């Protein structure tokens, strides 16, 4: 019987391959005998369709509407080094289990017609490797058993907590301890975030009170923990817990060009989310990163939603919705590599420094680079790459067309300036994240406009530039943040607990050595429960114009930073046309490492300047 089934499938696939020569530019997976709503594993069969479509130059792959199930069995397994994912100890092999691999695709559209791609186990849903002019549209992506477990506080009393566990979670109680497991995996490293269902806020939490407590099953999906008597979480809140190891990602777009996601729903992603790495021109339009409403879940990714590492051309994120990330919805950055040796006058040994980012191609022949003093974050000279030799997963030897500059210091870095994008983030909605809304570091023109940031746990917008921690480059030169609405952001952290924060990693803030330049914040509405609106460090040309600040009262003030504006080592700062509504807190400005003359105020509202 098995032989007959296999023969039948091979015959169908043979006819399907023949159809490529007769059907024109579009192919449907149904031609290969793949039917929606079968609940069968379609991974290997869909991959054959993809491979044949790319090989024969097809322009469209069509999925009729319905559900398609993808399992690790039959999936492509390939080694990919991906930025911001895992260390050598956490994931030494870097093998990705890929639901759909698109390699060297050209001019291809994947049309989902509203289909649901349901994944099982730990998988990277899709990889686009060295593709160009590819579009993914009208598709929903989810996991049958997410690697995130969710549970609600059903009953809280002294010495005990009862939790209702979400139906999609899988667990077992062994020797009085609760264990989380899934389809081929078990959680070993716990990271917890709690959602306040009343305030709609996300807060870092701790799994230890449960991991160290006796668990007893009371009913299906109802578990009681004998927690310490002083442990009293808020009844009705939802606790979410995941494994910290980022061994897969939601989607990888690698060294590609002109890539578009449109009308796509990413409803759960394991590890890091959609990673665009060293890709030119990426458009995300009407992409929903949030749980499907019918799932009843609140989390859609165990880390970032959209991560752009070393991209160039233009990154566009437009009319998207972000809800339920355990990390940042959008992060745009490059990677600084530290100088560890100088074998020749025109050569440098460079090293990936952060544990979770290494092994990928960071330079290409012909790229323009900047030499960066790590202590001051100053780009002090430029060079051009002639050749790149991989010495190990951590180190590369780069040969430049000219001798490297004199004056290199310990810990200095090399930043790739060619692979830096223009950025447009417009018309999006951000909510239900315990970290930032947008992290942005690029020297090219960047616009953040017409977005709503609702209760991001940390700064809604954070501009850094880092050569000491994550090594995420680099200093900005032209950023506009306009016509956005910020609602009760930064309730649990961020530089200065500010709604917008500009915080490079330079050790000394010196007005004569600015890191960032030309940041305009204009025509925004800040509805804030606390003092800080803007924190700026080492910036020349910081304009805060025609913004409205409204006092809100749903969240209680909680910071010690009782100032509305905090500037450190800045110059050419201008505040104009600020409108205050309600009993706004802290009508003042705090200055450090800069004279008062560096701040110019115009308009009817003037703020008291405090220098330290």
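The values are calculated or read from the model by the stated rules, or taken from the named source; none is laboratory data. Note that the structure is a prediction, hence the values are computed from the model and not measured. Positions of Cβ are generated from backbone atoms using ideal geometry, with glycine treated the same way; all protein chains shown enter the neighbour counts.
Observations on the structure shown:
Listed here are the residues, each with its yes/no results for (1) at pLDDT 95 or above; (2) assigned to a loop (DSSP other than H, G, I, E, B); (3) surrounded by fewer than 23 Cβ atoms within 10 Å (Cβ to Cβ).
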{"site": "61", "(1), (2), (3)": "yes, no, no"}
{"site": "69", "(1), (2), (3)": "yes, no, yes"}
{"site": "84", "(1), (2), (3)": "yes, yes, no"}
{"site": "100", "(1), (2), (3)": "yes, no, no"}
{"site": "110", "(1), (2), (3)": "yes, no, no"}
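This table checks each residue for (1) surrounded by fewer than 20 Cβ atoms within 10 Å (Cβ to Cβ); (2) in a loop (DSSP other than H, G, I, E, B).
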position	(1), (2)
227	no, yes
230	yes, yes
235	yes, yes
250	no, no
260	yes, no
265	no, no
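- Within region 168-179, residues that are closer than 17 Å to residue 146 by Cα and assigned by TED's automatic domain parsing to the domain that holds residue 220 reach partners that are surrounded by fewer than 14 Cβ atoms within 10 Å (Cβ to Cβ) and at pLDDT 95 or above with beta carbons closer than 6 Å, at six or more positions or on different chains, in the pairs 179/172.
- Out of 528, 456, sole residue that is more than 23 Å from the chain's Cα centre (by Cα) and crowded, with 24+ Cβ neighbours inside 10 Å: 528
- Of all residue pairs spaced 6 or more apart or on separate chains, those with beta-carbon atoms under 9 Å, a first member in region 570-581 that is within 16 Å of residue 549 (Cβ to Cβ) and a second member that is part of a strand (DSSP E or B) and modelled with pLDDT under 95 are 575/602; 576/602; 577/602.
- For residue 554: the one exception among (1) surrounded by fewer than 17 Cβ atoms within 10 Å (Cβ to Cβ); (2) in a strand (DSSP E or B): (2)
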